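The values are calculated or read from the model by the stated rules, or taken from the named source; none is laboratory data. Quantities reported herein were computed from a predicted structural model and do not represent experimental measurements. Here the Cβ positions follow ideal geometry from the backbone for every residue, glycine too, while neighbour counts run over all protein chains shown. Quick note on the areas: whole protein, heavy atoms, side chains included, nothing else; ligands and nucleic acids left out. Shrake-Rupley method; radii C 1.70, N 1.55, O 1.52, S 1.80 Å.
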Amino acid sequence: MIFCIEDEESIRDLMIYALNGAGFEAKGFADGVELFEALQQEKPRLIMLDIMLPGEDGISILKKLRCKEETAGIPVMMATAKGTEYDKVMGLDLGADDYLVKPFGMMEMVSRIRAVLRRTEAGHKNEPKLLHVGCLKLDPETYTVFVDGEQVQLTLKEHKLLRTFMENPRRVFTRDKLLEIVWGIEYAGETRTVDVHIATLRTKLGKCGGYIETVRGVGYRMGEGKE
Ligand code: CA
């Protein structure tokens with residue numbers, strides 16, 4: 001299933017017609033509101049996303065898609081007009097999987113969609129596994145962390161700390177060991193650095209903060225994910 005978000009009905013119909021002709025199922029939506037409604041029902045293999053839309057524009061829609069766990073991995077192909085819009089979009093590096101410059105031919109669209117699907121769907125086979133504990137999820141490949149499906153912004157050190165715990169559930173790490181793993185063996189820091197980072201990490205993780213347990217006199221570990 002391919003979702004096409006395009007407010008111009010004639011173009012939208014043409015896209016769906018071309019995709020159907022190429023053997024893809026496709027559905028069209030006129031704006032972000034319709035798209036997010038449809039996403040509650042089903043997850044498409046790819047989203048064709050126009051930038052200029054009534055209401056929420058494609059740039060803002062893409063950002064929303066990327067920060068929700070259920071939609072973060074859906075490949076997105078953005079359609080942009082030539083000129084200043086194109087330059088702006090390229091400059092922003094929004095993380096779309098590919099860009100099509102309007103006006104584009106339907107044959108070109110289909111072959112570019114096929115290429116993105118080949119690339120993204122082949123990649124999934126070797127992708128490092130998503131780490132899960134309770135309602136906490138960490139994606140090692142995209143450096144993203146989700147609490148209850150909502151993305152949490154972590155620094156690189158916080159991310160490494162959390163990943164260390166999540167890759168080794170129930171294992172107790174001493175502060176020295178954590179310094180070595182996260183800060184590097186040469187780091188001559190104080191173990192208090194670890195405590196400070198753990199405290200911030202717990203706060204950022206909100207309801208999942210308590211998953212990181214203090215083991216008195218020893219260090220820290222990842223608990224079983226009970227709140
Ligand atoms: Ca448009």
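Computed values, structure above
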{"quantity": "Of Gly32, Gly21, Gly210, the one that fluctuates the most in a GNM where the chain has Cα springs shorter than 10 Å", "calculated": "Gly21"}
{"quantity": "Euclidean distance of C-alpha centroids, region 64-81 and region 1-44, integer Å", "calculated": "14 Å"}
{"quantity": "Cα gyration tensor shape for region 131-222, rounded if a/c is under 1.5, else prolate or oblate", "calculated": "prolate"}
{"quantity": "Förster radius 41 Å - calculated FRET efficiency between Asp87 and Glu34 (Cβ-Cβ, nearest 0.05)", "calculated": "0.90"}
{"quantity": "Amide H contacts of Cys4 (H built 1.01 Å from N, under 5 Å, at least 5 apart or other chain)", "calculated": "Lys27, Gly28, Phe29, Met48"}
{"quantity": "Residues whose placed amide H lies under 5 Å from that of Gly223, excluding near-sequence neighbours", "calculated": "Ile212, Glu213"}
{"quantity": "Solvent-accessible surface ranking, highest first, for Asp50, Asp31 at 1.4 angstrom", "calculated": "Asp31, Asp50"}
{"quantity": "Tyr220 - accessible surface, heavy atoms, 1.4 Å probe, Å² rounded to 10", "calculated": "10 Å²"}
{"quantity": "Cβ crowding within 10 Å averaged over residues, with 58-65, 211-218 ranked highest first", "calculated": "58-65, 211-218"}
{"quantity": "MRE, 222 nm, helices only [DSSP H, n ≥ 4, -39500 (n - 2.57), over the chain, to nearest 500]", "calculated": "-12000 deg cm²/dmol"}
{"quantity": "Region 2-126, accessible surface, carbon-and-sulfur percent (1.4 angstrom probe)", "calculated": "53 percent"}
{"quantity": "Over the chain: Kirkwood hydrodynamic radius from C-alpha pairwise inverse distances, Å", "calculated": "19.9 Å"}
{"quantity": "Cα point-scatterer Debye curve for region 1-136, base-10 log of I(q)/I(0) at q = 0.11, 0.20 Å⁻¹", "calculated": "-0.39, -1.28"}
{"quantity": "On Cα atoms only, tilt of 156-167 relative to the major axis of the chain in degrees", "calculated": "80 degrees"}
{"quantity": "Top of Phe29, Phe104, Phe146 by mean-square fluctuation, Gaussian network on the chain, Cα under 10 Å", "calculated": "Phe104"}
{"quantity": "For region 142-154, 3J(HN,Hα) per residue [Karplus equation, 6.51 cos²θ - 1.76 cosθ + 1.60, θ = phi - 60°, Hz, x = Gly/Pro]", "calculated": "9, 6, 10, 10, 10, 10, 6, x, 9, 6, 10, 8, 10"}
{"quantity": "Surface share of carbon and sulfur [accessible, 1.4 angstrom probe, percent] for region 131-222", "calculated": "48 percent"}
{"quantity": "DSSP bridge orientation in the chain - percent antiparallel, rounded to nearest 5", "calculated": "50 percent"}
{"quantity": "Where the chain is the region considered: accessible area per residue in Å², 1.4 Å probe", "calculated": "54 Å²"}
